[in-house]
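Bear in mind that the values in this text are calculations on the coordinates, not laboratory data. Just so it is clear, the structure is predicted and the values come from calculations on it, not from any experiment. In this analysis, Cβ positions are derived from the backbone assuming ideal geometry, glycine residues included, and neighbour counts consider all displayed protein chains.
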Amino acid sequence: MNVLGSANNLLLLLPTVTILALLPAKPILAADKGPATNYENVVGDSGEEDQTLWDTYYRVKGKTNLQPPIDIVKQMASKFKPGGKILNPAMAEGRNTIYLAAKGFEVTGIDISEIAVHHATAEAKARHLHFRPVIADLTKYDVPKDAWDGIVLSQFHMHSLLPKWRDGLKRGGYLVYYVAVDRGKGTRTGMPTEFMVKKNELEEFFKNWKVILRDEKMVGDQIYLSLALQKP
Ligand SMILES: C[S@@+](CC[C@H](N)C(=O)[O-])C[C@H]1O[C@@H](n2cnc3c(N)ncnc32)[C@H](O)[C@@H]1O
């Protein structure tokens, strides 16, 4: 049982400092796994293991300069309701979260890694910005329904979570996705295909949603899909 998962609602209400103080001691990383140095290779067998592996990844990497936000997030920022509520699941160190907070949105950033969330909140603080940080395993986290003007997913995909994004958005709200596409060839980097989208997977799941932006680009040896959809 993941302590973080069961305490999600409570965590939402608490300031970051309290959240960090409530966390249990970290388990030790399984010796045969070794710390990943490329985040495409960080995959555990359970929520608890994922959290440990991601924490180890961010601890080993340390806090570095924040990556720039992804293009489709910048493009969609002008379409989101001004000052609206944006959810950024799996925000990592907050490149999109912090960008959207700077644009005046009320952003909630979630990540399973306490260390990533800590890096993101430290960065926001240094820039005199604010967002709501949540440390949680999204497979166990109850996303508030009809609550969000926008949901931004960047390099994080699980098919089983699609209903959470569908139900979480308000009518007229936007789902923004940036994700690797599985072409059935495997990958040079070792990114697991289960975290990629299949061809037309999102378009089929969100069948009657309006396509606002769609683009596919090669990044390294991988095709990345940028997709923005509007909930009817
Ligand atoms: C590939 S990184 C995402 C990067 C980020 N969205 C960006 O575009 O920079 C994946 C992130 O998902 C987080 N993550 C992995 N599994 C998760 C889960 N079950 N619940 C919440 N966050 C998770 C990891 O901690 C990591 O920060």
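Remarks
- Checking the Cα-Cα distances for K63/K140; K103/K199; K145/K210 against a 22 Å cut-off, the pairs over it are K63/K140; K103/K199.
- Built amide H within the under 5 Å cut-off of L213, gap 5+: A228
- Distance between the pseudo-spin-label points of E49 and L213 (7 Å out from Cα toward the beta carbon): 3.7 nm.
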